[in-house]
Amino acid sequence: MTTKKDYYDLLGVTKTSTPDEIKKAYRKLAMEHHPDKGGNAEKFKEISEAYAALSDEQKRKTYDQYGHEGFNQQYNTEDIFRGANFEDFGDLFESFGGMGNPFGDIFGGRRKRGDIGADLQTEIELTLEEVARGTTKEIHINHTKLCKDCRGSGAENASGVKKCQQCNGRGQVQYARRMGAMQFVTTGACDKCHGQGTTIEKPCRECNGKGKVKKKEELKISIPAGVEHEMQLRMQNAGEEGRNGNGSLYVTIHVKEHNVFERNNNDLLITKEISFAHAALGEEVEVPTLFGNAKLHIPSGTQSHTTFRLRGEGLPNVHNGRKGDELVRVIVNVPKNLSGKQKELLKEFETEGKKKGIFGF
């Protein structure tokens, strides 16, 4: 199996590049590698796939979050090109043989615009305990589904669907305009069939000719352990429904702040107060974890703000399941209100310490 190249490297840009810089880089490479100009078709396909992924804000965010390998586990080539916008390069592709769809021959045919369902987004709030163990959430979404009466055609009868005469079923038409001695040709969606390539004689009564209806559905979302704040999960085919494929549902995770633990990647940070006597003499204390309580040995002579590590008591890594650690910072609690006897004992302790050089003077 051939490993795909990094999309940023293919376009010669960086992760901090702006959308305009990515567009400019792709235009330059497309002119160089376009097959109609004698370029390599495979190279043209690679850079076009890279542009399709990085020019889409949602796909780029997923790519940056999961890396090249993780991204390609979630998206196949068809997914990457789905919804990609190459309209800004119409002038470029028209000048190379007048192709309305520059990928028609390279990627195995043309897909009609509007036949693919749109992506949807929603948000889910999780507690840190749910992040630690993973959970399943139920959500309700309103999305479009194909009309069951007309099966998405929009026509009351199947025979009522006719090929659009204006675009001859292509869904797109070419518009020419002349400026002086030069003629410019652009391609756009047919205004008669709205890019569908077909017209209907009698609309379906259930969907009023739209081919789709709004429907409320309940979905169960399985959330893996270790997800991070603002991480997005993609549910394939859970978005809007279309005749040529469904969109995806993107779920943004929001993790609530915890009243005990602070998160640092997969590690958990916690503060534990101990008495002055226990810091000097040493003790075993009980500290909370997200998975129950744990014992922590405090050695004698422990200084305030010393940090101890509990191995494997942190959060699991969402990609490989390996757990982080829990870092316990101990704070020595100096008493504020002392009895007379306690004061005398401390003075005696200090005097004895000076004699034996405990305090270094």
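The values are calculated or read from the model by the stated rules, or taken from the named source; none is laboratory data. Computed from a predicted model, the values in this text were never measured in an experiment. Quick reminder, even Gly has a Cβ in these numbers, built from the backbone with ideal geometry, and neighbours come from all protein chains shown.
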Just one listed residue, out of V287, V260, is touching a Pro at 6+ places or on another chain (Cβ under 7 Å) and either assigned to a strand (DSSP E or B) or of a type in the set (A, V, I, L, M, F, W, C) (or both), and it is V260
Please enumerate the residues belonging to region 237-257 that are loosely packed, with under 14 Cβ neighbours inside 10 Å and part of a loop (DSSP other than H, G, I, E, B). N237, N244, K256, E257
Answer yes or no: is there a residue in region 338-361 that is surrounded by 13 or more Cβ atoms within 10 Å (Cβ to Cβ), modelled with pLDDT of 80 or more and not basic (K, R). no
Just need a number here: residues in region 33-71 that are closer than 20 Å to E228 by Cα and of a type outside the set (V, I, T). 14
Testing G312 on (1) assigned to a loop (DSSP other than H, G, I, E, B); (2) at pLDDT below 90; (3) over 14 Å from V131 (Cα atoms); (4) of a type outside the set (S, T, N, Q), one condition comes back false. Which one is that? (2)
Name the single residue, out of those in region 132-169 being farther than 30 Å from N85 by Cα and either of a type in the set (S, T, Y) or touching a Leu at 6+ places or on another chain (Cβ under 6 Å) (or both), that is surrounded by the most Cβ atoms within 10 Å (Cβ to Cβ). A132
Limited to region 214-260, what total is found for residues that are under 18 Å from F71 (Cα atoms) and touching a Lys or Arg at 6+ places or on another chain (Cβ under 7 Å)? 4
Taking into account only those residues within region 148-190 that are outside any strand (DSSP E or B) and of a type in the set (A, V, I, L, M), which is modelled with the highest pLDDT? A158
Flagged pairs (Cβ under 7 angstrom, 6 or more apart or on separate chains; first in region 296-311, within 8 Å of R329 (Cα to Cα); second basic (K, R)) are H305/R329; T307/R329
Within region 27-38, the residues that are closer than 18 Å to G12 by Cα and either free of Cβ contacts under 8 Å to residues at least 12 places away in the same chain or of a type in the set (D, E) (or both) are K28, E32
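Yes/no matrix, rows are residues, columns are (1) under 19 Å from F81 (Cα atoms); (2) in contact with a Phe, Trp or Tyr (Cβ under 8 Å, 6 or more places away or on another chain):
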residue: D6; (1), (2): yes, no
residue: L10; (1), (2): yes, no
residue: K15; (1), (2): no, yes
residue: R27; (1), (2): yes, yes
residue: A30; (1), (2): yes, yes
residue: H34; (1), (2): yes, yes
residue: F44; (1), (2): yes, no
residue: I47; (1), (2): yes, yes
Counting just the residues of region 199-229 that are over 23 Å from the mean Cα position of the chain (by Cα) and of a type in the set (A, V, I, L, M), which one comes out surrounded by the fewest Cβ atoms within 10 Å (Cβ to Cβ)? V213
For G70, the lone unmet condition from (1) part of a helix (DSSP H, G or I); (2) modelled with pLDDT of 80 or more; (3) surrounded by fewer than 20 Cβ atoms within 10 Å (Cβ to Cβ) is (2)
